[in-house]
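Here the structure comes first, spelled out in structure tokens, and everything after it is commentary.
We did not get these values from a lab; they are worked out from the coordinates using the rules stated. The model shown is predicted, which means the values in this text are computed figures rather than measured ones. Glycine also receives a Cβ, built like all others from the backbone with ideal geometry; neighbour counts cover every protein chain displayed.
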Number of protein chains: 2
Amino acid sequence: MAVEKEIQPQQMPQTDDFIFEPLLRKELPQQKVGFNLSKRSSHRAMIGANISPIESLDYEIVANELLNQDWRTRAPTEKLQYTIGKWVLAFMVGLFTGVVAFSINMAVENLAGVKFLATVSLMDLKRTLLAYALYTGSNMLLVLLSAMLCIFIAPAAAGSGIPEVKAYLNGLDIPEAFAGRTLLVKIFGSIGSVASGLVCGKAGPLVHIGACIAFLLGQGNSKVHILPWNWLVLLDNDRDRRDLVTCGAAAGLAAAFRSPVGGVLFALEEAASWWRNSLLWRTFFTTAVVAVVLRTGMSSCKNGACGLFGEGGLILFNVSEQLSSYGFLELIAITVLGVLGGVSGSLYNQLHAHFFLFNTRWQNRKGSLLKLAHAGMVAFVTSTCSFGLPWLVQCRACPDNLEVECPTHGRIGNFKAFNCPHKQYNDLAGLVFNTSEDSIRNLFSIDTPLEFHYTSLLIFLVTSYTLALLTYGILVPSGLFVPAILFGATYGRLTGMFMVSHGLQRIDEGIYAVLGAASFLGGSMRMTVTLCVILLELTNNLTMLPLVMLVLLIAKVVGDLFNDAIFKLHVRMKGIPFLDILPEQSMQQLTARDVITKPLMSFSRIEQVQNIVETLQGTGHNAFPVIDSCSPDKVLLGIVLRSHILLLLKTKSFQLTNGHVSVIRLPFSEESRKPFSTKEVTLEDIDLSTQEMLSYVDLHPVINTSPYTVMETMPLTKVYALFRQLGLRHVCVLPRDPKGPPITGILTRHDFMNDHLLQLYPDLRQTKKRTLSSFSNVFDDQ
Amino acid sequence: MAVEKEIQPQQMPQTDDFIFEPLLRKELPQQKVGFNLSKRSSHRAMIGANISPIESLDYEIVANELLNQDWRTRAPTEKLQYTIGKWVLAFMVGLFTGVVAFSINMAVENLAGVKFLATVSLMDLKRTLLAYALYTGSNMLLVLLSAMLCIFIAPAAAGSGIPEVKAYLNGLDIPEAFAGRTLLVKIFGSIGSVASGLVCGKAGPLVHIGACIAFLLGQGNSKVHILPWNWLVLLDNDRDRRDLVTCGAAAGLAAAFRSPVGGVLFALEEAASWWRNSLLWRTFFTTAVVAVVLRTGMSSCKNGACGLFGEGGLILFNVSEQLSSYGFLELIAITVLGVLGGVSGSLYNQLHAHFFLFNTRWQNRKGSLLKLAHAGMVAFVTSTCSFGLPWLVQCRACPDNLEVECPTHGRIGNFKAFNCPHKQYNDLAGLVFNTSEDSIRNLFSIDTPLEFHYTSLLIFLVTSYTLALLTYGILVPSGLFVPAILFGATYGRLTGMFMVSHGLQRIDEGIYAVLGAASFLGGSMRMTVTLCVILLELTNNLTMLPLVMLVLLIAKVVGDLFNDAIFKLHVRMKGIPFLDILPEQSMQQLTARDVITKPLMSFSRIEQVQNIVETLQGTGHNAFPVIDSCSPDKVLLGIVLRSHILLLLKTKSFQLTNGHVSVIRLPFSEESRKPFSTKEVTLEDIDLSTQEMLSYVDLHPVINTSPYTVMETMPLTKVYALFRQLGLRHVCVLPRDPKGPPITGILTRHDFMNDHLLQLYPDLRQTKKRTLSSFSNVFDDQ
């Protein structure tokens, strides 16, 4: 054998004698709930700002007599309904996400616009302090409202939401994260947080919103059926919901950046854990719908029908400069940008992780008021910076022969008058006293070579980096894309100014700003094609493609030398039992047998109700092997899911007998139409009389007769490949010795978690973890 | 059980008594080679223009004592070598593909340029017949040279090559398709076929060329080691080679269209069967290298250093018109374009398939001369059309206030003089008497509203459609992308002219031409995101994005109503045993047990050499179960691969004995460094004396002790999911009854092929196949 067990488990000594436990022994409460409850308790993770229990989803085609969930065996009309249903839902996800995104943008633009206009007009009246009070007050109000929604109504809505979407698409059931109230809070909360001028974006929240919409349309919340159509029940299963949520995530990102192809690639590269080409097509359709909705919305706003919403929010940053040529020196500058992005991005990730942990720790201990105060505080600091910093820099004279207005007093325009006299403008005000979108547009602007001072940009650089770190800790919906773009664009523009001031004018400063944004995004988020396409779609300039690719590749390589991508860090910090594509290092020396936790609880094919109820009460396990205990050699019949047993119990499909086993099987015509709506049945819902408890039930109709199985001697890495790539929830481990019991154990997601394995076998913990292996992490590959 | 066996197999009656066959019974030659040779013979497919045997590749991590192929268990320095090696190879694939693509373009542009210039100068001297003779003669010469290369040197180089790449990436070993001579013939052949003015492109051949380069660099051809570095042996395995070939395919398409993101998406959407996100990054890196190489090459050609290569070939079609707005009528026109593309594209696929089959049939029967004559004939017809058709249309006066030259006599320019007097031009000559790239640029041209007659475009439409169909049958390298773009752009332009002539001038005719190209590509190739990105990168115009998406989606839906994508049709027609992502309809009613072919040949752990040799001689099977026949209950120890047994035999790792079994195990230190280079060992290479034949060998060190296994009662669809998604070559079927033999059989790719299943169970053949199921094909989904 290649993989010999060299290490003995420390915690639970493995015994070779195998005990069947069809019944729960009441005298052994510890043992009976042993591994199962410990499993449950370890499956708790931060969802938004709350610690919630999470369960695995079930993507396996359950082939049992009762619930044949394989749609391919259905009647032609049902198949047609099924396929049409999927496309209708994908269309609706795109439509709703587009409408919501447009509304958020309109609300943000109008709120921020009114706020800025009022402040500016007070300043024009020289009532500066009042202007400051109004500006800060309105910002704090918006943030506090947003934070109150998050704290009191839906804590799951706090933060970016992308880690939760990733977790769901990795096969984790976290209904709270996609509930209706989470959706509402996310929508209104992100309006508040973005309009208040916090250094946070709406891309992450929009991804979460898209996923929420998809989850709810896909009947994910089985208590409330959003859509009244009965035949949608065909789509009411974990696999189809996963596909729909993938579409939702793509739609969200597409709406945030008006980048349909970028949205598809985001779903592929970052969000989804399982991918098929047919999904490529469906997400593409969804994002196309989003693009059309946004376009329609914008064209209906052209005549000023949408208040202050005009040029802002949704428009592309047209970086129309066509790159002609560039030389060796420019390439060096761009390489430096890439390295800078990698270093500062990974540093950002590291600091972010520490801040996140720090904030989470005290927030979990302290009350709501303190959290609110924290939010108010950050809003206050942000507003003060935003209003106060421009006073530190000198006013500059408006350049001559400028095509645009200078200075401006209104909502839009690069050259803000702020505190400056006639014909002068405040360059820092154009960055900090502005919405994030407008700041980015300002930084990306082409043919404005002398717009900024070095000092202004440096002040903005430090401020935005610090504020972005501070902001993510407060409990409001806040995205990470926009701060990263803001920060990267600033040092990119600085680099560009340096190059241009040294006579290398072949690349405009605005292009350097775009490349800087690419480098920081690449260094922090570590996506490649997605970011490339998003930036190209965002700036509407394809000639930059090779440069953007170069910057992204360098930034990713450099960043990977230090730590993981920011969303991966978040997933880990939140304690989400995420199944990565590659097995953990610790699995290499283990076989399936080594990680089985005993005792295994199993049922006989014909089992007493009381035994079943007690077993279910005593454990949180979701699948139980069924053994044919009638035949002389015990044959494994398959496994039953907890939910299916509950269905049997609820429908009372058993015979009342007096000792004599006589089994009936009900015709499950009604239930088999709704195969997955069994979720809502809990043990508490089922009332059983004493006589019923003593009767017997035939589990046969709900046995999944063909679970995926592995031999107990299989290396754990190979078991993991099976488990991960097929998206399983349970895998049965069979004994090598044909004379032994028919099944050795069942492995679940928990058994593949690195922490669990290291707990079982502490010797596997390698101290020299981050030396070379971290370098080969750069090429995270198999 | 959910899936009951309802149908009895017709061909091979299944017996329940299981016979072990560790030895071959000489008296039963039919039986001993029964299913295995039939397997072999069915694994023959058209590779290029040749019928070749093909085998499956082995992606499984083989965990045996001798050859531990899991790189993660290697030493840190080896890991580092491994990861760096992968990136170095990816870089080299990009570099070489870029250089080759650039050279091909330069050669084509120069050859075609010289040809056109000579012809035109003869025409200017009014020596029309001589011009015709020169033109046709040179074209025929080029085509004949190309065809001779294909017919006599490397038949595998004929055609597009994308089906072969798809087959390889689906796990099929077809060394001939990626041999060095195939690469050379593909390069020179496609220069000939494209330069000769045949209606064929170089995108498909470039994909094949990229894949070839990757395959050869990845040591795919184990006889010749291209790269001298010893440590590359770490990468010499099927999984890493698959990844590299994926990069090569991406590089090829990226080089063809200068579309790096499009190349990545092509690899993802069309070429690859298995995908991981780390591959996304690596292909992206490769295509970035290609983009840089092409850019460097083009900038070095700027000063006329590359002959007639200047604006041609590689430049983007700059469709610089910015779309401002469009209304309802334009959307209707675009929808019509989409439907038109779907209908004409699927019709094209259908005709294409019929032509392909027709050509293949006679070509397999007839000699080389006839094939050459066929190629010459098509070249003659194409040249005659190209030279003769422009005479049919009237000359048109050059428009006034034109920025470009009119008429032109040289290589480039929209307005060809051809036979026309001064200040007039021949619009059809600009389409047919031109390279395909220039015709496309002509059709895509913006702000040239009255350039074409309706009649000229209609003539070109019919001609290009017909010639494209005729061309693919001849034995030269020929791609399918460019003809599709050509044809689609023509009817798109026609639609645009119709719209503009009716006063709807909001969208330029050039844009309609791009949308037409999108619709035909979508209707024929059925890719979505890939085509969208390629067209946007090709035309360098992102504002068309929503329209291109719309057209592609409509064309794909309409096309899917009628038949499959063109490359899928090709794969099927070529007889390639392709594993689709979805199981076939016929698997739904079967279980693993139903498709096992008996008898199963197995080995004991300690086996006589003679038995092994005879078994291997008698069968083409590649894996054999090993049973521990010493122990009282027979335990399945694992499976051994044929190649590993051959390695044992070649290294003579057995003991010469006289009856007494005494086994030694050699230290395989040398061989274990080259785990996969066992491929070249064949049975014929091994000389064994009679005494050696009588001795015994211990198979233990080469047993894969953890093959993936399924229960015999598992539905075949679930077995297929395991087999396909993990990329297996063998899956062991275990008996349900623990008292039976330890293994029931081994399933391979062949057992999942629809034709094989229908042969076994003819009752599964459904007559009403193409009614509703074809409609739900539209949503090819799971």
Over 26 Å [Cα-Cα, region A:71-300], rounded percent: 40
Mean Cβ count within 10 Å, highest first, over the residues of peptides B:504-512, A:381-389, B:517-525: B:517-525, B:504-512, A:381-389
Given charges at beta-carbon only (K, R positive; D, E negative), |dipole| of region B:84-300 in Debye: 300
For region A:388-459, diffusion coefficient by Stokes-Einstein and Kirkwood Rh (Cα), 10 °C, 1.306 mPa s, µm²/s: 133
Set of region A:174-210 residues, backbone N closer than 14 Å to the point 7 Å along the Cα-Cβ line of A:Asn50: A:174-186
For region A:82-162, alpha-carbon Rg over 2.2 N^0.38 Å: 1.63
Teacher prompt: B:Pro421 distances to equivalent labels in other copies, 7 Å Cα→Cβ, nm: 7.4
Within-15-Å neighbourhood charge of B:His208 [Cβ basis; K, R +1; D, E -1]: +2
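What order do you get for A:His644, A:His354 when you list them from fewest to most C-beta neighbours inside 10 Å?
In increasing order of surrounding Cβ atoms, one gets A:His354, A:His644.
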Distance (nanometres) between label positions extended 7 Å along Cα→Cβ at A:Thr77 and A:Lys302: 4.7
Scattering curve values for region B:711-762, log₁₀ I(q)/I(0), Debye with Cα scatterers, q = 0.15, 0.21, 0.26 Å⁻¹: -0.45, -0.81, -1.07
Fully extended contour minus Cα-Cα distance, from B:Asn419 to B:Leu561, at 0.36 nm per residue: 46.6 nm
Residues A:Cys532, B:Cys395, A:Cys212, A:Cys420, sorted so that the one with the fewest Cβ neighbours within 10 Å comes first: B:Cys395, A:Cys420, A:Cys532, A:Cys212
27 Å Cα-Cα threshold exceeded, pairs from A:Lys115/A:Lys186; A:Lys115/A:Lys423; A:Lys574/B:Lys79: A:Lys574/B:Lys79
Cβ-vector label at 7 Å, B:Ser300, separations to other copies in nm: 5.6
Exam field: B:Val88 pseudo-label spacings to other copies (7 Å along Cα-Cβ), nanometres: 5.9
Cβ neighbours within 10 Å from other chains - mean over A:249-261: 1
Added length on full extension, which subtracts the Cα-Cα distance from 0.36 nm per residue, A:Asp447 to A:Asp687: 78.9 nm
Amide H contacts under 5 Å for B:Leu637, placed H, 5+ residues apart: B:Val626, B:Ile627, B:Asp628
Residue-averaged beta-carbon neighbours from other chains (10 angstrom radius) around B:544-557: 3
Cα gyration tensor category, rounded, prolate or oblate, for region A:454-557 with a/c compared to 1.5: oblate
Burial ordering of B:Glu60, B:Glu55, fewest other beta-carbon atoms within 10 Å first: B:Glu55, B:Glu60
